[in-house]
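Worksheet: the structure to be examined is printed underneath.
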Amino acid sequence: MKMDDLVPEAGNLESFIKQFEVFAGAPGGVEKLREMILKLAVAGKLHKHDETSSSKDLLIKLRSERAALIKEKKIRKGKPLPEINDEPFIIPDHWLWVRLGEWGNWGSGATPSRSISTYYGGSIPWFKSGELTGGVIMTSQETITDEAVTKSAVKLCPPGDVLIAMYGATIGKTAILGVNATTNQAVCACTCFIGVENTYLLLLLKALNSNFIKQGAGGAQPNISRDKIINTPAPLPPLEEQKRIVAKVDELMSLCDTLEAQQQQQAKTVLRANTAAINALLNPAPQSEQNSPKTTEKETSTTPENSFEHNWQRIAQHFNTLYGCTLPMPKGQGRKKKYLVGLENVKALRQLVLQMGCSGLLIDSSKFPDSRDYLIKLGIDGFDKENFGQIPENWSWVKLNELSEFITSGSRGWKKFFSKNGDTFIRSQDIKYDKLFCEDKAYVSLPESVEGKRTRVSDGNILITITGANVGKCALISGLNEKAYVSQHVALIRLISTDYAVYLHKWLTNEFGGRLILVGDSYGDKPGLNLKQIGALSVPFPSIEEQKCIVAKVDQLMTLCDQLEQQLTQSYSDAEKLMQATVKTLTA
């Protein structure tokens with residue numbers, strides 16, 4: 001069933017659960033499902049109700065227990081909680097809206113003095129907000145001693161207490177204590193009264209997560225307080241229903257885990273398949289090493305199994321699977337929001353196109369003249385093809401420094417020339433996405449006679465970052481309408497002729513070609529390149545006529561990649577909107 005079919009049936013919960021796997025298959029679907037399960041659970045929409053019992057009786061018991069504990073001086077009385085006038089959403093008639101302060105005894109932790117060494121290193125766990133995992137926690141990063149509990153403001157909490165984080169980026173994180181333990185002041189703990197299932201309170205706090213984050217917004221450091229927590233209205237079901245809700249949520253969350261694991265495995269499979277297909281295309285195995293799969297309809301018996309044509313047909317047959325995949329990236333592999341497997345594969349496809357172009361695989365090289373004719377006119381001798389890799393017979397290997405008038409970098413001591421206006425000063429951070437991209441321009445004002453003027457940038461120059469995490473990024477200068485100079489962290493390549501500048505830039509940005517060599521040369525404690533390494537690069541050089549055709553073909557295929565990325569992004573956006581509409585209908 002298509003995702004479009006979900007919306008008309010969204011009000012039917014049974015139908016939704018039957019289509020659970022389809023729903024989870026939408027971009028970000030599993031994450032949204034987990035959120036929705038919690039919202040449906042605390043609204044009473046995941047289980048059959050037992051209206052023979054009422055939350056009114058439970059609330060009377062909770063208030064009675066609170067009164068008894070206050071009378072015994074085991075807890076503080078505190079300020080009366082206000083009546084609830086506005087109900088956030090609809091709940092079953094036999095439930096009640098009750099502020100969290102009536103569910104149990106809430107208290108925040110503390111940090112024992114760091115200056116007293118005997119407070120730390122004991123046997124009592126001391127949890128900080130970043131350690132709340134959403135489940136039962138047993139072991140903390142730091143521990144404290146009995147002396148710290150006795151002599152500081154820290155409080156010992158019993159097993160079963162429900163924890164919620166109150167400060168910073170951890171707001172709303174939750175956990176249940178599995179042992180006697182303590183917390184710091186960024187954590188609030190609740191010892192539930194009899195009649196409140198701690199596991200239900202845990203899932204309720206998770207369902208209210210966005211509400212807590214919203215309450216904490218607005219300050220220099222986001223935070224919520226104990227008062228905000230205990231004043232939060234929450235739906236209270238009878239105890240037996242709390243247990244059934246927890247069981248149902250556990251069941252559905254387990255299904256989410258299974259679906260996510262399947263998606264992760266599928267995503268890895270698609271990524272591996274793309275990598276293998278690209279490697280086979282660029283490095284075809286000898287005929288004897290190939291398996292012998294059946295000839296497909298699009299292949300003929302005369303197509304060699306290790307040929308470029310054969311391997312390209314393999315990609316073409318599975319093009320939509322490889323480059324239309326809307327699954328999220330596997331954990332630990334570019335898990336940015338909205339970053340999909342298909343986008344990662346398209347990124348690899350771009351590099352494949354560059355490498356094919358710069359290896360003579362995109363067009364028929366035999367139709368073009370020998371590059372030596374052009375190089376001889378420049379006074380350059382080509383190198384032996386066998387030294388650096390396989391290229392067409394009419395191509396040559398040429399050192400980058402032989403193709404350049406000079407390769408240099410900016411001078412030191414530019415700081416004294418900095419100004420609020422003047423000539424543009426190009427730094428390594430200004431080269432992004434292999435283009436000159438000055439978001440926050442820097443300027444210099446130079447005297448008429450200064451050594452740094454040799455690094456003035458002009459159209460047709462190629463710039464390469466040579467230090468830092470950005471090392472190896474490369475920009476071709478075009479349409480420069482202002483004076484500009486490079487810093488000491490940027491190499492400037494002035495070519496003998498701009499005829500080959502565009503082709504050379506494509507080779508330098510090819511992760512199988514120039515970039516692979518540059519990045520390999522830059523490894524070390526402090527990543528960096530020197531000008532000698534850059535000049536020593538061996539460039540596969542076709543004739544100028546062929547370069548123009550290669551560039552045109554590469555640009556054409558890059559446009560296709562742009563379209564694939566746009567389609568993936570649009571598909572994600574459409575599915576996300578559909579998901580939001582379905583969630584809204586189900587949780588209304």
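FYI, it's all coordinate maths here, none of it is from the lab. Since the structure is predicted, the reported quantities are computational estimates derived from the model, not experimental observations. Heads up, the Cβs are rebuilt from the backbone with ideal geometry, glycines too, and the neighbour counts pull from every protein chain shown.
Kirkwood radius for segment 408-549, taken over all pairs of different Cα atoms as the inverse mean of 1/r, rounds to 15.7 Å. Tell me, what is a quarter of the convex hull surface for the C-alpha atoms of segment 472-554, in nm² with one decimal? If you wrap the Cα atoms of segment 472-554 in a convex hull and average its projections, you get 6.5 nm².
Panel order for 366, 359, 53, by other beta carbons found within 10 Å of each beta carbon, from fewest to most: 366, 53, 359. Taking the charge dipole of segment 55-237 about its Cα centre, with +1 at Lys and Arg Cβ atoms and -1 at Asp and Glu Cβ atoms, the residue from 107, 78, 97 reaching farthest to the positive side is 78. Between residue 35 and residue 393, the simple spin-label model (points 7 angstrom out along Cα→Cβ) gives 6.2 nm. Loop-located chymotrypsin sites (Phe, Trp or Tyr not before Pro) in segment 499-588 (DSSP state not H, G, I, E or B) with no more than 14 neighbouring Cβ atoms inside 10 Å: 523.
Scalar couplings 3J(HN,Hα) for segment 531-543, obtained by applying the Karplus form with A = 6.51, B = -1.76, C = 1.60 to θ = phi - 60°, are 5, 5, 5, 5, x, 7, 4, 9, 9, x, 10, x, 5 Hz; x denotes Gly and Pro. Put simply, the amide H of residue 325, placed in the peptide plane, has neighbours under 5 Å in 342, leaving out anything fewer than 5 places away on its chain.
Per-residue 3J(HN,Hα) values for segment 75-85, derived from phi via the Karplus relation 6.51 cos²θ - 1.76 cosθ + 1.60 with θ = phi - 60°, read 9, 7, 5, x, 6, x, 7, x, 5, 9, 9 Hz in sequence order (x marks Gly and Pro). Under 5 Å from the amide H of residue 426 lie the amide H atoms of 485, 486, 487, each residue being 5 or more positions distant or on a separate chain, with H modelled from the backbone and absent for Pro and chain starts. Of 541, 193, 368, 418, the sequence from fewest to most neighbouring Cβ atoms within 10 angstrom is 418, 193, 368, 541. The separation of segment 514-559 from segment 309-379, counted between C-alpha centres, amounts to 15 Å.
Computing Rg and Dmax of the Cα atoms in Å for the structure here picks out one of (i) 32.7, 102; (ii) 26.2, 80; (iii) 23.7, 74, namely (i). Listed from fewest to most Cβ neighbours within 10 Å, the set 138, 166, 558 follows the order 138, 558, 166.
For residue 136, nonlocal amide neighbours, meaning residues 5 or more places apart or on other chains whose placed amide H falls under 5 Å from its own, are 176.
As a test, work out the antiparallel percent of DSSP beta bridges whose residues both lie in the chain, rounded to the nearest 5. Write out the running numbers ahead of the final one.
Details: 49 of 56 bridges.
Among the beta bridges of the chain, antiparallel pairing accounts for roughly 90 percent.
Charge dipole of the chain (Cα centre as origin; +1 on each Lys and Arg Cβ, -1 on each Asp and Glu Cβ, all else neutral): 2300 debye, rounded to the nearest 20. Projected onto the charge dipole of the chain (+1 at Lys/Arg Cβ, -1 at Asp/Glu Cβ, origin at the Cα centre), which of 208, 349, 262 gives the Cα projection farthest towards the positive end? My answer, from the dipole projection, is 208. Among 514, 424, 436, whose Cα projects farthest towards the positive end of the dipole of segment 369-542, with charges put on the beta-carbon of Lys, Arg (+1) and Asp, Glu (-1)? Toward the positive end, the furthest listed residue is 424. Phi angles of segment 113-119 translate, via the Karplus equation with coefficients 6.51, -1.76, 1.60 and θ = phi - 60°, into HN-Hα couplings of 3, 6, 7, 9, 5, 6, 7 Hz per residue; Gly and Pro are given as x.
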